[in-house]
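Below is one structure; the comments refer to it alone.
The values are calculated or read from the model by the stated rules, or taken from the named source; none is laboratory data. Note that this is a predicted model, so its numbers are computed, not measured. Positions of Cβ are backbone-derived with ideal geometry, glycine not excepted, and every protein chain shown enters the neighbour counts.
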Amino acid sequence: MSASSAAPDIAARQQRRGFWLRTLHQWHWISSAVCLVAMLLFSVTGITLNHSSVIEAKPQTLNRTVDMPASMLKALGKREEGSAPLPGSVSDWLNDVLPVAIGEQPAEWSEQEVYLSLPRPGGDAWLSIDRATGAVEYERTSRGWIAYLNDLHKGRNAGAAWRWFIDIFAIACLVFCITGLFLLQMHARQRPSTWPYVVLGLVVPLLLALLFIH
């Protein structure tokens, strides 16, 4: 092949390489920007979860008791058992008189009471309605901000929107890692230590799992 014909081929390869470098760099920094804050959150809560036994939580419990008006008691209807949401008017009244946000989650109905479990990140809550007297008892327990963030890390009682966020965050992390891998491959020729470090990142956790986890 003559020098005149080889020059366009070299230029074309360099042009393709430049295109892929720009594209990968763009996707890499965009995914890193999307992941940044959430990755910091999940990294910090990974540490707090790993040392949860030495991080003391001081639960705080709130108890409230109110009497339901006769109109609201009547609005409950005649359902005797099963699982179903509270009527809208009853939910609105409870939202007004108690520090609670009742949505469409189902309650457990019986002849004696209506019981509603209200779990949430970093704590728990429940509410019961005595169907004979209309007495409403509400209890909420909070284990603090660290427990709240730990539960967000696990997606515990955080709702559908947060589960979608975790899935989207995971996809962005995959894009960040995969584009980073391709960038490593493209720069590996100029950086001989690239693949030894990649192999080290695989071997260290593998050895720890094989030798110390039983």
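Could you list all residues from the range 31-79 that are in a loop (DSSP other than H, G, I, E, B) and exposed (fewer than 10 other Cβ atoms within 10 Å of the Cβ)?
Of the residues in the range 31-79, the ones in a loop (DSSP other than H, G, I, E, B) are 51, 55-59, 68-69, 76-79.
Scanning the range 31-79 gives His51, Glu56, Lys58, Lys78.
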Q. What number of residues within the range 21-43 satisfy the criterion of being without any contact (Cβ under 8 Å) to a residue 60 or more places away in the chain and more than 17 Å from Phe182 (Cβ to Cβ)?
A. 5
**Q.** Residue match in the range 4-17 (condition: touching a residue at least 24 places away in the same chain (Cβ under 8 Å), surrounded by 10 or more Cβ atoms within 10 Å (Cβ to Cβ) and either over 30 Å from Ile171 (Cα atoms) or not assigned by TED's automatic domain parsing to the domain that holds Arg131 (or both))
**A.** yes
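Which residues, taken from the range 161-173, are more than 16 Å from Val37 (Cα to Cα) and not small (Gly, Ala, Ser)? Give the derivation first.
First, pick out the residues of the range 161-173 that are more than 16 Å from Val37 (Cα to Cα): 161, 163-164.
Arg163, Trp164, listed by residue number.
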**Q.** Residue under evaluation Ser117, criteria (1) exposed (fewer than 15 other Cβ atoms within 10 Å of the Cβ); (2) small (Gly, Ala, Ser); (3) out of contact with any strand residue (DSSP E or B) (no Cβ under 8 Å at 6 or more places or on another chain), criterion not met
**A.** (3)
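Tell me yes or no: at least one residue of the range 98-119 is outside the structural domain of Leu41 (by TED's automatic domain parsing) and assigned to a helix (DSSP H, G or I). I'd like the intermediate steps shown before the answer.
The first filter runs over the range 98-119 and keeps only residues outside the structural domain of Leu41 (by TED's automatic domain parsing), leaving 98-119.
Those still in the list that are assigned to a helix (DSSP H, G or I) too: none.
Scanning the range 98-119 turns up no residue that is outside the structural domain of Leu41 (by TED's automatic domain parsing) and assigned to a helix (DSSP H, G or I).
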